[in-house]
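Chemist: Questions regarding the structure given below will be posed in turn.
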Amino acid sequence: MSENKPQSDLFESPRSTWEGCSVLLDINDGDRLVFARLSAGATLKIGNKNCSLQPLLGCPFGSFFRVENGTQGPYLSRYTPSTEGNNVLEKGDGQSTDELRDNRALVDNNKAQSLTGEDINEMRRLGATGDEIVEALIANSATFEKKTVFSQEKYRLKKQKKYAPIVLLRRPFTRSICEAYLKKYPTRIGFLRMDTLSLLLSMANVSANSDVLVVDMVGGLLTGAVAERLGGTGYVCNTYISGSPYPMDIARIFNFGDEICKRIVRSPLTDLFSVQNGLQKPVSQESDSCNMESQSNDRISSPVSMEEVSLASENVISDLIPESTGSPVIKMSKPAKLGEKAPQEIISSWKEHGFSCLIIAAPELDTWSLVKEIFPLMSNSAPFAIYHQYLQPLATCMHSLQLGKMAIGMQISEPWLREYQVLPSRTHPCMQMNAFGGYILSGTKISPN
Amino acid sequence: MSENKPQSDLFESPRSTWEGCSVLLDINDGDRLVFARLSAGATLKIGNKNCSLQPLLGCPFGSFFRVENGTQGPYLSRYTPSTEGNNVLEKGDGQSTDELRDNRALVDNNKAQSLTGEDINEMRRLGATGDEIVEALIANSATFEKKTVFSQEKYRLKKQKKYAPIVLLRRPFTRSICEAYLKKYPTRIGFLRMDTLSLLLSMANVSANSDVLVVDMVGGLLTGAVAERLGGTGYVCNTYISGSPYPMDIARIFNFGDEICKRIVRSPLTDLFSVQNGLQKPVSQESDSCNMESQSNDRISSPVSMEEVSLASENVISDLIPESTGSPVIKMSKPAKLGEKAPQEIISSWKEHGFSCLIIAAPELDTWSLVKEIFPLMSNSAPFAIYHQYLQPLATCMHSLQLGKMAIGMQISEPWLREYQVLPSRTHPCMQMNAFGGYILSGTKISPN
Amino acid sequence: MLPIDSTKKLSFTRCIRDGDLVIVYERYDNMKAITVCDGSVLENRFGVFKHSDWVGKQFGSKVFSNKGGFVYLLAPTPELWTLVLSHRTQILYIADISFVIMFLEIVPGCLVLESGTGSGSLTTSLARAVAPKGHVYTFDFHEQRAVSAREDFEKTGLSNLVTVGVRDIQGEGFPDELSGMADSVFLDLPQPWLAIPSAGKMLKQDGILCSFSPCIEQVERTSETMRSSFTDIRTFEILLRTYEVREGKLDDFQGDEAGSLGSLPRKRRQRSNEGSNVQESTGPPTVMARPCSEAKGHTGYLTFARLKCLS
Amino acid sequence: MLPIDSTKKLSFTRCIRDGDLVIVYERYDNMKAITVCDGSVLENRFGVFKHSDWVGKQFGSKVFSNKGGFVYLLAPTPELWTLVLSHRTQILYIADISFVIMFLEIVPGCLVLESGTGSGSLTTSLARAVAPKGHVYTFDFHEQRAVSAREDFEKTGLSNLVTVGVRDIQGEGFPDELSGMADSVFLDLPQPWLAIPSAGKMLKQDGILCSFSPCIEQVERTSETMRSSFTDIRTFEILLRTYEVREGKLDDFQGDEAGSLGSLPRKRRQRSNEGSNVQESTGPPTVMARPCSEAKGHTGYLTFARLKCLS
């Protein structure tokens, strides 16, 4: 467990955490999502308490933890939820809607609680568990008995979340990373929704042993998602137009082992077109590479927010309420390097064979002027998928590709995603929705002749 | 019932049909929709039979009819459906999905019917009712007994629709006219969906005693919908840009009495701006009006399809499968005139007070260049609603209105409508949907100062 | 709010008078209904506005505060009212309201029943649809809500069109004296199925019923109950997606990045110019629109049914 | 279809050979999968195409018939395959497929269970996602469907990644020998709740289950059954709206109608030019897009759940 690359076997993904492992912590059933990198010194703030993440080391993904009060302060303790369901509100009480929605007799002034904040603190000092505090609150509520069963459950859940929060240990995958970012920092990923991202990967036929060309102006989320699908085969080439690469910090949140990281490379667009073959001009190439690297690091630390940067080298990766300890951090947990400059021999191979597919997520660029340049890099019969926030650039691009007889099977599509609340007698679509997942232009390149 | 203007009292709408009345015939629960104008000579083709519509005269809207075999051929006969529900498939058989979807043992080769077409014709000749034929078909089906209850009901319904079709007598209102046109002739109404139309009316605050300015390039549907809301008060002014008015045949399908028809007027846009006051230049005005009238008729008979034109003066108004009899038609059923040229004194009043609101449904025109011209005709604080098939023209228009500080509270919105199948254990959204209801720009004009 | 009296029909051009209800518009998401009262003032973040300054101005005018801040004064409409009314309950919004009125085939002169009244958002639009001679009877279980609703209709000038009753429609049904008189009935109740037999009794032959429910189980039970005496039972859901409009231009990769692309090998450049027949894009328009991300994902299901004509 | 062997990875650039599966593209709504066979011909409305003419051409090439008609030959992908496969059952389409694979967190090396196989549309995409070393075990009740599916996977070159079994998963559950081995399980069954206990047994700790059902009642019962041993139960629906693109220009009212507007009083014209600060619109773009009217309104509900980690 102290070895930080248990993924050296590509095809057996670990089911438990390890030192330096990146994890997603789901607090109170999705109320709060925090990405963290586990180490002995890492901590997480829950409520107003700093809890060490040490107890999470070596635990299986999917484990539940609760905050307990110890002699040295609060700590996270693993526990097994009952098989009856841990979310009481979701258990379903078999009541009909009738009772639930009938508010004819509803009187509730929220002043019926006789326990004070001081009482609760006193209980804590005496070592009461969160559950015990919740039970005490219920026992001391003057109105609890008068509530409907539904309202009682709601009350209990609210208090449980506050006094006995539950932390669920998750392995970060594309969908959870995407969902978390969309919720908290949508602009950093260009409002890319998980269903849209999943369509980009399908439409571009991302598969093992593919060489995937991406223009990723969504913080590395696209690059990471492609690399996850490649699983250490093929390459994802993150290309960029101007002098410095686009940031790809988000790709560092995935738990990629060395094998996968090596397959994530970057290259300026000009290099992909250059006529150098093989090992020509190795010196200038090398020095360029070095420059790029430092440039890249500079670039990364500026436009991306603090949490992520500090997290890449410290404990908590991202955020959603970033908490980093003041204590010194053992640096052994540094994640694998990714996004090296593409070696010249690989570039040559791409030049010869063409990329297997192309994905563009560049919400601030005009699509056609970019596609016009980049299109020749693809192999014939290669599928492509282009994401944009606006319809018009894709329409113009599609029209131009049609006129130029450059692609077929083209379609502009927009996914529409809806989540439901499914509960006995209370089933309906969720009241709030993300109403816009962006547009996708997809198609297949044909041979120009 | 022989009087053709029972609507002279504006506010008591008749519940039964009359000679000359426009009706909507719903055949087999929405399978086919036909607009017809009732008269002694009008007929309707159902299957391959021509049935006189005479039996429908004087019947309450909502009546059901069935085709019966008489000595003189088939005829429509009124009947009262059982209170247990006439649509057997909708009754709900209380089965769980289990049985319904289990197709493990499904064998059905459709060759199990021992009754031949000749047998059925013979039954007809002997005066069997449609229901009797359906029962005979079931009795002679070798596989009927082996079907699930659900499949049995499905079989029965299919045969009933063919051999004992049911005609439901409806009064045409905006929503049924709109729904029928969208289904069959969407281009004639610019793909305007009923929910979008309902939003236009709300957003423009169409209400009694309003003077509503419309640009109706959707066949008169918008004009009719506004007139229906005005109920014989205020005015709807259908304005047009070039020399000849836009067709408004669809407004003739509504059962408007004289009071309402008088409130539907048309005027070229230039006249609405003209500086003539009161009764100036009455002669040229009159002659213009006459020219316009004939021009209008020409125009109407060309771009709109045959059925509608023939229907306006004959029996069947529109439809969906137009059937007109060869027999001479008594012309007493001619509908009231609508869409006269706006009198000068009314125009003067509009010039003085401004229109109460504006609705534009001109899917082929650029919005801003039209709005720029037409906007000054509205009163200050007047709401407006503009429908378009494309987003860009509305966006440009909204932006220009904002820059010009001409309107506030502006919003571009797009309705999304979904119909559901609600049946025991088989509830889900309908599998086919109209995915696009168009865009609406709405807002309120402000005082230019 | 409504020009019921035809002599007042061109209401927008008449000037604001003492006692008029006006909608004070600060921003699209910040409006307020105020009854003009000589001597009163409106105070907001833009300063102090004297009502007396408003009298004599046209609706739609911009008016200024002591500090030079400004708001617009709009004539009230049911749509604006829906944005400013006080929420005594969850309210219906414009998409559902518009659809209900069209699908219920409500036209001037209709007699319409509603339960419950709630905040009166739908009621106001129903009143507009039946005006000038029709009537809306609306019922709420809560005495206090009914009282507040009556006050609102007084304020908005709809009292002649609307009667508010206090009644438990699920328990008692609609009043017998309205039997057979309603053109349409609208139900927004937790257990609509309890009220359906009564709704059927109230409706004229061929009249239409609508029930609004947030949960699908309510819809299923309601539809089941409707089947015995209603036909044409249909369930819909309607949502409104809004678009944001901005002025701007996407980075034209070719133009903006000319420097870096200058280093591209000439060969390829030529190919892309000669080989393909593609017209140069003129660049995206300067005004761009896209859907807003946040939206209401669900309001409720609307189930409509028509009373079977059995006479 | 998939470049499983890394030596074949740049498959698109290699030339078409005898025995290759190609997608013959006529139009976006007219494609066909054909195995190239020297000596065979393809006959369609454009004429007769000799397979021998295709050999040696690159994928993505245009090929001609005896009459000069043409089609394109594309390399097969799971997406193209979904458009050409024979429908033995209702199939899943790209939006549901893509979402399922991402939400089930399927990555290379995963072991995935599916029931039923149906037409194999999802199976093909599952195989792509687990390649090159993972495996998909898919089960169907119907012997004949399983046989046809096996033939298809042979044709598309996926046999090494997919095992098709004949089994009544609702009645018997998944085979015991797969217990605790599955990363993810996908169910498309009429009574998914019957298979959930078995699915739970098959899953590794923290593994994910997805059930696809067209009706909401199935979803309710499924979710209810999941609650005992699953967490994070979420239900989604996903649809795809497509846009049509056309070249054209809307009538510019001002330009086109200049004649009729020439008669407008001069006064007003001046006002609109001077009074307001509005910029002239440059006219709408020449390429315009709008949503297609017809669309699939519903495919099914996707309910996901994660096995509780109780060890």
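Chemist: I'd like to know which of C:Phe230, C:Phe141, C:Tyr243 lies farthest towards the positive end of the charge dipole of chain C, counting +1 on Cβ of Lys and Arg and -1 on Cβ of Asp and Glu.
Modeler: C:Tyr243
Chemist: What list of ³J(HN,Hα) values in whole Hz, one per residue of region A:427-438 in order, does the Karplus curve 6.51 cos²θ - 1.76 cosθ + 1.60 (θ = phi - 60°) give from phi, with Gly and Pro shown as x?
Modeler: Using θ = phi - 60°, the values come out as 8, 6, x, 4, 6, 10, 9, 7, 8, 8, x, x Hz.
Chemist: From the label point of C:Thr242, set 7 Å from Cα along Cα→Cβ, how far away are the matching label points in the other copies, in nm, ordered shortest to longest?
Modeler: So the distances to the same position in the other copies read 3.2 nm.
Chemist: Taking the alpha-carbon centroid of each part, what is the distance from region C:119-184 to region D:149-214 in angstrom?
Modeler: Comparing the Cα centres of region C:119-184 and region D:149-214, I get a distance of 57 Å.
Chemist: Would you work out the charge dipole size for region B:112-154 about its Cα centre, treating the Cβ of every Lys and Arg as +1 and the Cβ of every Asp and Glu as -1, and quote it to the nearest 20 debye?
Modeler: Values: 5 positive and 8 negative charges, 35 e Å.
It comes to approximately 160 debye.
Chemist: With point charges of +1 on the Cβ of Lys and Arg and -1 on the Cβ of Asp and Glu, referenced to the Cα centre of region B:160-210, which listed residue (B:Pro186, B:Val167, B:Leu199) lies farthest in the positive direction of the dipole?
Modeler: Result: B:Val167, furthest along the dipole toward the positive end.
Chemist: Using θ = phi - 60° and the Karplus curve 6.51 cos²θ - 1.76 cosθ + 1.60, what whole-Hz ³J(HN,Hα) does each residue of region C:63-74 get, with Gly and Pro shown as x?
Modeler: Running phi through 6.51 cos²θ - 1.76 cosθ + 1.60 with θ = phi - 60° gives 10, 10, 8, 4, 8, x, x, 9, 9, 10, 10, 10 Hz.
Chemist: Per the helix-only calculation at 222 nm, which mean residue ellipticity applies to chain D, given -39500 (n - 2.57) for every DSSP H run of n ≥ 4 and division by its residues, nearest 500 deg cm²/dmol? All intermediate terms of the calculation are to be shown ahead of the outcome.
Modeler: Details: 11 runs with 79 residues, N = 311.
Taken over chain D, the calculation gives -6500 deg cm²/dmol.
Chemist: Sticking with this structure for a sec: Looking at D:Phe46, D:Ala75, D:Asn30, which one has the Cα that reaches farthest to the positive end of the dipole of region D:6-76 (charges on Cβ: Lys, Arg +1; Asp, Glu -1)?
Modeler: Of the listed residues, the answer is D:Ala75.
Chemist: Another question, then. Quick one: 3J(HN,Hα) in Hz for region C:201-212, Karplus 6.51/-1.76/1.60 with θ = phi - 60°, rounded, Gly and Pro as x.
Modeler: 5, 6, 6, 5, 4, 6, x, 10, 10, 10, 10, 10
Chemist: Skipping prolines and chain starts, which residues have an amide H placed within reach, meaning under 5 Å, of the one on B:Glu340, given they are 5 or more residues away or on another chain?
Modeler: Correct list: B:Arg266.
Chemist: Further, regarding this structure: Is there a pair in A:Lys45/A:Lys159; C:Lys57/C:Lys155; B:Lys405/C:Lys57; B:Lys184/C:Lys296; A:Lys372/D:Lys62; C:Lys155/C:Lys204 whose C-alpha atoms are over 23 Å apart, and which pairs would that be?
Modeler: Values: A:Lys45/A:Lys159 18 Å; C:Lys57/C:Lys155 20 Å; B:Lys405/C:Lys57 18 Å; B:Lys184/C:Lys296 32 Å; A:Lys372/D:Lys62 21 Å; C:Lys155/C:Lys204 32 Å.
Too far apart for the 23 Å limit: B:Lys184/C:Lys296; C:Lys155/C:Lys204.
Chemist: Moving on. Distances from D:Gly47 to the same position in the other copies: list them in nm, one decimal, shortest first, using label points 7 Å from Cα along Cα→Cβ.
Modeler: 8.0
Chemist: While we're here: Give the calculated FRET efficiency between D:Phe46 and C:Tyr28 to the nearest 0.05, with a Förster radius of 41 Å applied to their Cβ-Cβ distance. Each step should come with its number before you reach the end.
Modeler: Numbers: r = 56 Å, r/R0 = 1.36.
Here the calculated transfer efficiency is 0.15.
Chemist: OK, next. Rounding to the nearest 10 and keeping the result within 0 to 90°, find how far the Cα-based axis of helix C:216-226 lies from the longest principal axis of chain C.
Modeler: 40 degrees
Chemist: How would you classify chain C from its alpha-carbon gyration tensor, with a ≥ b ≥ c the square roots of the eigenvalues: rounded for a/c under 1.5, else prolate if a/b is greater than b/c, otherwise oblate? Show your work: numbers first, answer last.
Modeler: Values: a/c = 2.87, a/b = 1.43, b/c = 2.01.
Because a/c hits 1.5 or more and a/b fails to exceed b/c, chain C counts as oblate.
Chemist: Taking Cα atoms, how many degrees apart are the long axis of helix D:121-130 and the longest axis of chain D, rounded to 10 and kept between 0 and 90?
Modeler: Tilt relative to chain D: about 80 degrees.
Every number in this text was worked out from the coordinates using simple rules, so none of it is lab data. Computed from a predicted structure; not experimentally measured. Reconstructed Cβ throughout: ideal geometry from the backbone, glycine too, with neighbour counts over all protein chains shown.
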